[in-house]
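The structure appears right after this line, and notes come after that.
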Amino acid sequence: MSRRLGPPPPVRLADQLFLAAHDHDSGHLQARLHKAGLELGLAGALLAELVLERRIDVQHGRIVLVSRAPMDDILGQTVLGDIITELHVARQPHTVRVWLVYLRHSAVVQVRNRLCFSGILQEVPGRRWWGGAANTYRAADINQALGPEAAVYSLLVHEHATNTVPAMAFAALADASGLLPRLAWWREQRVPLRRRLARLRAELPPALRELADQTEAAIGDAVVGRP
C-alpha cells in the first residue's frame, strides 16, 4: 500500500486505539488484547469517529443518521456508506450491537491499512519457515506509535489535564475494550485511575457513553460465548 502524498492526515480515534492496543518493543506489532477486545473495540471506535464528525447519533440504542455529508477519510466514508445503505434497505436504524458485530469482522485490517496508508505503520515482508508469505507490521516512528498510550496516561493521571471529548472517548473505549488493565502504569495506580475514568465516562456526551457501554457489553458476551 502506497503512502499518500501531502501533509499527514490526523490520527483518528480508531487509529489511536489500534496503536495503544499493540506492543511495539519487539520491532513489530504484538497485540495486547484478545481477539474480541481488539475487533469490537475498533468497531466501537469507528462508530465513535462518525459521532464526533456529526454524521451519526445513538438514540434508544440504535445508530441513527444525522448527515450524509461526505467524509474526508476513506474508511469513515465506507462505514457511513454502509449505514446509509442499510437504512435504505431495512427502513429502520439497526442497533449499536448489530453494527459492532458487523464492523468487527473487518475493523482490524481496515484500521491497520489506514495506518499504513498514512505512513504511521510499515508493512515488513517476511516468510514462514515452512514456506509462504508472512508479512508483519511495525511503527515507522516509535514515538508517534506510543503517543496514544502516553496521551491516555496523561489524561487519567493529571487531574487538570484538558478533557477534550475525543480524548475522553478514547479513554472510555480503551477501558471498554479491556486495554487499560494490560498497561503497567494502570496496575500501579489502579484505584485512583478507576475513579478518574468513571468521572470522565460520566461526562461524555450520551451517544459516546452509550457506544462505550455497548462495546464493553459486546466484548463481555463474546468472551463468554453468548451470541
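The values are calculated or read from the model by the stated rules, or taken from the named source; none is laboratory data. A quick note: this is a predicted structure, and the numbers were derived from the prediction, not measured. Backbone-built Cβ (ideal geometry, glycine too); neighbour counts: all protein chains shown. For accessibility, only protein heavy atoms count, side chains too; no ligands or nucleic acids. Shrake-Rupley method; radii C 1.70, N 1.55, O 1.52, S 1.80 Å.
Numbers for the structure displayed
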quantity: Members of segment 88-101 found to be without any contact (Cβ under 8 Å) to a residue 40 or more places away in the chain and surrounded by 14 or more Cβ atoms within 10 Å (Cβ to Cβ), listed by number; calculated: PRO93, HIS94, THR95, VAL98
quantity: Out of ARG201, ARG190, ARG195, sole residue that is touching a residue at least 24 places away in the same chain (Cβ under 8 Å) and of a type in the set (Lys, Arg); calculated: ARG201
quantity: Matching residues in segment 53-90 - criterion: being in a helix (DSSP H, G or I) and not aliphatic (A, V, I, L, M); calculated: GLY76, GLN77, THR78, GLY81, ASP82, THR85, GLU86, HIS88
quantity: Total residues in segment 31-57, condition open to solvent by 10 Å² or more (accessible area, probe 1.4 Å) and over 20 Å from ALA176 (Cα atoms); calculated: 3
quantity: Among the residues listed as LEU179, LEU173, LEU156, the single one being open to solvent by less than 30 Å² (accessible area, probe 1.4 Å), in contact with a helix residue (DSSP H, G or I) (Cβ under 8 Å, 6 or more places away or on another chain) and within 20 Å of PRO10 (Cα to Cα); calculated: LEU173
quantity: Residue in segment 159-172 that is closer than 29 Å to ILE63 by Cβ, in contact with an Asp or Glu (Cβ under 6 Å, 6 or more places away or on another chain) and of a type in the set (A, V, I, L, M, F, W, C) present; calculated: no
quantity: Selection within segment 1-35 - of a type in the set (A, V, I, L, M) and modelled with pLDDT under 95; calculated: MET1, LEU5, VAL11, LEU29, ALA31, LEU33
quantity: Qualifying residues in segment 70-87 (those that are in contact with a Leu (Cβ under 8 Å, 6 or more places away or on another chain) and more than 21 Å from ARG12 (Cα to Cα)) - the one least open to solvent (accessible area, probe 1.4 Å); calculated: ILE84
quantity: ARG209 being charged (D, E, K, R) and more than 16 Å from the chain's Cα centre (by Cα); calculated: no
quantity: Positions within segment 102-122 being part of a helix (DSSP H, G or I) and open to solvent by 20 Å² or more (accessible area, probe 1.4 Å), in sequence order; calculated: TYR102, ARG104, HIS105, SER106, VAL108, VAL109, GLN110, ARG112, ASN113, ARG114, PHE117
